[in-house]
Amino acid sequence: MTPLWFSHLLILLALIVGSITDFKKREVPDFLNFSLMGIGVVLALLNSIATNDFFFLLGSIIGLVSGYLLGALMFYTGQWGGGDAKMLMGIGAIIGIDIRYFWQPGVELPLFFTVVLSIFIAGTIYGLGYGIYLLYTHRKEFKKAFLARIREPSIIKVRVGIIAAVLALIGSAIFTSDFYLRWIFAFLALVVFGGFYLVIVGKLIEKVCMIRPLAVGELTEGEWIAQEVIVKGKRICGPKDLGISNEQIAQLKKLKVKTVIIKEGIPFIPGFLLGYIFIILVGNWLIPLISLF
């Protein structure tokens, strides 16, 4: 049976290499991801043969498929790139999901569930930090764009409505005698006010910090195209493609298109790495948390 430390080591090495390439090239090599998937399934097969227990192989396949489903959801909603989704598939294949947990007493909660939750939590924190970094490095352009945005007539009207709603919630918090309702109203006021500006900031970070021209010769498969590319009335590629293909890149070169406008994604594999390091340090932390309920 493959020891847990060896599975941790394989995934950790893949995440370190993936983080480096994600930072440098904004992509994770397919070779790395598919190798992780293949190794996971092969190790599970060997474990099944050695122990005469097919649940090792079944668990690896279920982990891989679960990684695909979650990764596809994040990819098609525009949250992750294809490399991020494939990395989750590789992690699922290595760790596996022992489905006996759902009916057989004594089987431990599959680690994959905790890994996914840890990745999402760490990824959110990492994403916020990366957003702050982008704001700092583009602070002059961002400040100019932000001031212009909040002075737009349509936004001014929304701001008036937001302020009215916040004042109503604050008034409700002040005049209610119920302690819990007071905090609920205060929290809602904060969410309404902060949420409005977070949406504006998020859109402007994308517009100011993440959208830029790129020479067609430097394009790689999976780049997100921010503006439609139409040549002689024919559409070549655009935002709806969820990543440009090699065929589209070849077509752009054939038509001698010099540059396209791309949207740079946040290199998200480092968020995977942070979440997995946390798992290595504290273990399957969902088990004691679930036991509390």
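A short reminder: the numbers here are calculations on the coordinates, not readings from a lab. Since the model is a prediction, treat every value here as computed from it, not as a measurement. Note: ideal-geometry Cβ built from the backbone for every residue, glycine included; neighbour counts use all protein chains shown.
Data for the structure
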| read-out | value |
| --- | --- |
| Spatially proximal lysines relative to K240 (Cα-Cα < 28 Å; intrachain offsets below 8 disregarded) | K24, K25, K86, K203, K207, K232, K253, K254, K256, K258, K263 |
| For C237, residues with placed amide H under 5 Å, excluding near neighbours | V229 |
| Qualifying chymotrypsin sites (Phe, Trp or Tyr not before Pro) for region 19-117 [loop in DSSP, other Cβ within 10 Å: at most 13] | F54, W103 |
| Axial C-alpha extent at least 24 Å, average Kyte-Doolittle at least 0.0 - helices from the chain (DSSP) | 4-25, 30-51, 55-76, 111-137, 153-175, 179-204 |
| E223 long-range amide H proximity, modeled H, under 5 Å | I244 |
| Cut-off under 5 Å, modelled amide H: who pairs with I211 long-range | E264 |
| For region 4-107: relative contact order, % (alpha-carbon pairs under 8 angstrom, 6 or more apart) | 30 |
| Sequence-separation-based contact order of region 137-209, relative, with Cα cut under 8 Å and 6+ spacing, percent | 41 |
| The chain: relative contact order in percent, alpha carbon pairs under 8 Å with at least 6 residues between | 21 |
| Loop-located trypsin sites (Lys or Arg not before Pro) in region 213-293, at most 15 other Cβ atoms within 10 Å (DSSP) | K232, K256, K258 |
| Calculated log₁₀ intensity ratio I(q)/I(0) where the Debye formula runs over C-alpha points of the chain, q = 0.07 Å⁻¹ | -0.39 |
| 222 nm mean residue ellipticity, helices alone, for the chain (DSSP H n ≥ 4; -39,500 (n - 2.57); rounded to 500) | -22500 deg cm²/dmol |
